Amino acid sequence: PADITHLITVSCTGQFLPGLDAELVWLLDLSPDVQRIPLTFLGCAAGLTAVRLADQIVRCNESAKVLAVAVELCTIHMQPSLDKEDLFAAGFFGDGASACVAERWDPKKPEGYVLHEARAELLPGSMDKMTWTLGNYGFHLRLSPEIPSLIGTSIPPAFMRFWGDRSLPEWWAIHPGGRGIIDSLQEAFELASEQTAASRAILRHYGNMSSATILFVMDELRHRHCGTNQETKEGAAIAFGPGMTAEMLRFVYHP
């Protein structure tokens, strides 16, 4: 733990002081002078935002070891309501926490992800599609039913601007914001069922855990192929948040 130089904490489901970052320093026995970077209220995309930021830190400082931690307690925001929209939001969100460490790549290590290009892009005309406002009973979430179709039409051109002329990746880590989102991207990119299986498994077993979810998906991908002695695999991770924001990352898995 003392080797960690930077701590990135992510949450959009709660605020308190001292924050999660300070709590983790003492709970994990990190160095008291670790550089702390809290990311708050960036929504479901923020787990991938933290990975992108961790990668940038390591590229600027080769000795850096960055711990990124995402914690989301979505159930504390359930509303005392029988409104269909409120019940829908409560129905597929879950609580979760995930973490990863980013450091300079060592080819001698047996297994892991190597991070490459990353980009965040705002989708035009989508500011009102995903909102979270403060009301008399806490935070009120609104998810537009148009989100899956918006992602299905807006993400492919945004992704191709990011991905360039390369062949599409074999591995896909798609944030499972809902079944409709996975369906729309699978159709748009003509993906096989196996390529979206990790995202569907996480949604089925844990729900949408906001920012913590994308690391669950990447871990599920790794476990499905770890120990199979396959060659390196190129992959893409995509997550979505308010704004609407699309976070995109290119990675290579080394078995």
Here is a list of conditions, (1) in contact with a Lys or Arg (Cβ under 8 Å, 6 or more places away or on another chain); (2) polar (S, T, N, Q); (3) at pLDDT 95 or above; (4) open to solvent by less than 70 Å² (accessible area, probe 1.4 Å), and THR131 meets all of them except one; can you say which number that is?
-> (3)
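Can you work out which of the residues in segment 77-95 that are in contact with a helix residue (DSSP H, G or I) (Cβ under 6 Å, 6 or more places away or on another chain) and not polar (S, T, N, Q) is most open to solvent (accessible area, probe 1.4 Å)?
As a first pass, look at segment 77-95 and keep what is in contact with a helix residue (DSSP H, G or I) (Cβ under 6 Å, 6 or more places away or on another chain): 78-79, 93-95.
Narrowing the set further to residues that are not polar (S, T, N, Q) leaves 78, 93-95.
Numbers: MET78: 103, PHE93: 40, GLY94: 8, ASP95: 67 Å².
Only one residue tops the list, namely MET78.
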Tally of residues being assigned to a helix (DSSP H, G or I) and open to solvent by less than 80 Å² (accessible area, probe 1.4 Å) across segment 66-76 = 2
State all residues of segment 165-185 that are over 25 Å from SER98 (Cα atoms) and either open to solvent by 30 Å² or more (accessible area, probe 1.4 Å) or aliphatic (A, V, I, L, M) (or both); if no residue qualifies, say none.
-> ASP165, ARG166, SER167, LEU168
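Every residue in segment 186-227 that is under 26 Å from GLU111 (Cβ atoms), open to solvent by 40 Å² or more (accessible area, probe 1.4 Å) and not in a helix (DSSP H, G or I), please.
Residues of segment 186-227 under 26 Å from GLU111 (Cβ atoms): 191-206, 209, 211-227.
Now restrict to residues that are open to solvent by 40 Å² or more (accessible area, probe 1.4 Å): 192-195, 200, 204-206, 216, 219-220, 222-224, 226-227.
Listed by number, the residues that qualify are ALA192, CYS226, GLY227.
Only one residue in SER63, SER98 is on the phi < 0 side of the Ramachandran plot, of a type in the set (Ser, Thr, Tyr), in contact (Cβ under 8 Å) with a residue 40 or more places away in the chain and exposed (fewer than 12 other Cβ atoms within 10 Å of the Cβ). Which one? Steps first, please.
On the way: SER98 fails: exposed (fewer than 12 other Cβ atoms within 10 Å of the Cβ).
Residue meeting the stated conditions: SER63.
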Residue ID - nearest to CYS44 (Cα to Cα), chosen from residues in segment 69-102 that are in contact with a Ser or Thr (Cβ under 9 Å, 6 or more places away or on another chain) and of a type in the set (D, E, K, R) | GLU72
Of the residues LEU39, LEU17, which single one is under 25 Å from ASP95 (Cβ atoms), in a loop (DSSP other than H, G, I, E, B) and open to solvent by 20 Å² or more (accessible area, probe 1.4 Å)?
-> LEU17
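The values are calculated or read from the model by the stated rules, or taken from the named source; none is laboratory data. Note that the structure is predicted; figures quoted are calculated from it, not measured. When we count neighbours, we look across all protein chains shown, and the Cβ atoms used for this are built from the backbone with ideal geometry, even at glycine. We work out accessible area using only protein heavy atoms, side chains counted, and drop any ligands, DNA or RNA first. Shrake-Rupley method; radii C 1.70, N 1.55, O 1.52, S 1.80 Å.
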